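Worksheet: the structure to be examined is printed underneath.
Laboratory data are not the source of any read-out in this text; all were calculated from the coordinates shown. Computed from a predicted model, the values in this text were never measured in an experiment. Using ideal geometry, Cβ is built from the backbone for each residue, glycine included, and neighbour counts are taken over all protein chains shown.
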Amino acid sequence: MPAQILDGREIARRLQEEIKKEVTRLQRELQVTPSLAVILVGDDPASAIYVRNKARACQEIGVKSDQYLLPADVPEETILRLIDKLNGDQSVHGILVQLPLPPHIEERKVLEAVLPSKDVDGFHPANLGGLLIGNPLFVASTPAGILELLDQAGVMIEGKHAVVVGWSVIVGKPTAFLLLQRRATVTVCQIWTQDLAFHTRQADILVVAAGKPKLITAPMVKEGAVVIDVGINRFEGRLVGDVDFAPVAEKASFITPVPGGVGPVTVAMLLRNTLEACKRACIA
């Protein structure tokens, strides 16, 4: 029986409706509008699309969004000064630095410059460390979206064997920790893992974020597995994931499409984090 498709666009739409109601309440009761500052360096087409999508989503739910578009050759110090200014601006509740950054800019240095309380992307060491002990201010948007997809599908996580392919700080590692906190048994693999198929075939829940098109084929997937495909790759003129979708969908119980799976829910999680940052600022 073919897999049930996890429609990220529909799930994101419902989440954004809930967030919009809370944004409206804050505006009505406290006269405060959640505000997100997005910093985009360079002219990477994919990054520009992501920023436009985030800005559109903000507009739809009433979140204020300001974009700071900087040239690719901008000095690192200029970005750090901008972040310092935004950190001190009480009207700005969330700061997002769109990745990747140009090679001459030290990515970790820039991400660490954002205040943890405004780090709505969850990449600051304080938030990553908080995730390790189960108490982050913010969880990175994509890992949070993955767990939201599993919950929306009613997938039982506790006691299951989850395999995460990809070990990035942005997706793989945070996702593994979130699954551990939900009492899954977690295996983390990479594209260099010897006999990768041996591990993926054991997965009740398979999360793939390796950045390699069609890395996971049908023989590598357990019958009835839940497959979450985080990959976004340009392949033969179209967008595809890290999973060979059609054959794998014949074996899986649930599967996310690319595009339209994890991506829209990631944006919704970012909006939820921005709302939460605003609420915390109001309490403080």
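Distances over 16 Å make up what percent of all Cα-Cα pairs in the range 220-284?
Here the tail beyond 16 Å accounts for 57 percent of pairs.
Where both residues lie in the range 183-284, what percent of DSSP beta bridges are antiparallel, nearest 5?
Of all bridge pairs located within the range 183-284, approximately 30 percent are antiparallel.
Listing 269, 156 from the residue with the fewest other Cβ atoms within 10 Å to the one with the most, what is the order?
156, 269
Length gain on complete extension for the stretch residue 197 to residue 234, per 0.36 nm per residue less the alpha carbon to alpha carbon distance?
11.0 nm
What is the fewest-to-most order of 54, 222 by other Cβ atoms lying within 10 Å of their Cβ?
222, 54
With N residues in the range 31-115, what two-decimal value do you get for its Cα radius of gyration over 2.2 N^0.38 Å?
That ratio works out to 1.07.
What number results when the radius of gyration of the range 141-263, computed over Cα atoms, is divided by 2.2 N^0.38 Å?
0.93
Decide, for the range 73-127, between rounded, prolate and oblate: order the square roots of the alpha carbon gyration tensor eigenvalues as a ≥ b ≥ c, take rounded if a/c falls under 1.5, and otherwise choose prolate if a/b is larger than b/c, else oblate.
It comes out oblate by the Cα gyration axes.
Rounded to the nearest 0.05, what FRET efficiency do residue 76 and residue 168 have when you use their Cβ-Cβ distance and R0 = 25 Å?
After rounding to 0.05, the efficiency reads 0.70.
So how much slack lies between residue 185 and residue 104, counting 0.36 nm per residue of separation and subtracting their Cα-Cα distance, in nm?
The residue 185-residue 104 span can extend by a further 25.3 nm.
How much of the DSSP bridge set in the chain is antiparallel, in percent, rounded to the nearest 5?
10 percent
Can you pull out the GluC sites (Glu not before Pro) in the range 226-284 whose DSSP state is coil and whose Cβ has at most 14 other Cβ atoms within 10 Å?
The qualifying sites are 236, 250.
Using only alpha carbons, build the gyration tensor for the range 67-197 and give me the equivalent ellipsoid semi-axes, biggest first, whole Å.
Values for the range 67-197, descending: 31, 18, 12 Å.
Output the DSSP H helices from the chain with an along-axis C-alpha extent of no less than 18 Å and a mean Kyte-Doolittle hydropathy no less than 0.0.
262-283
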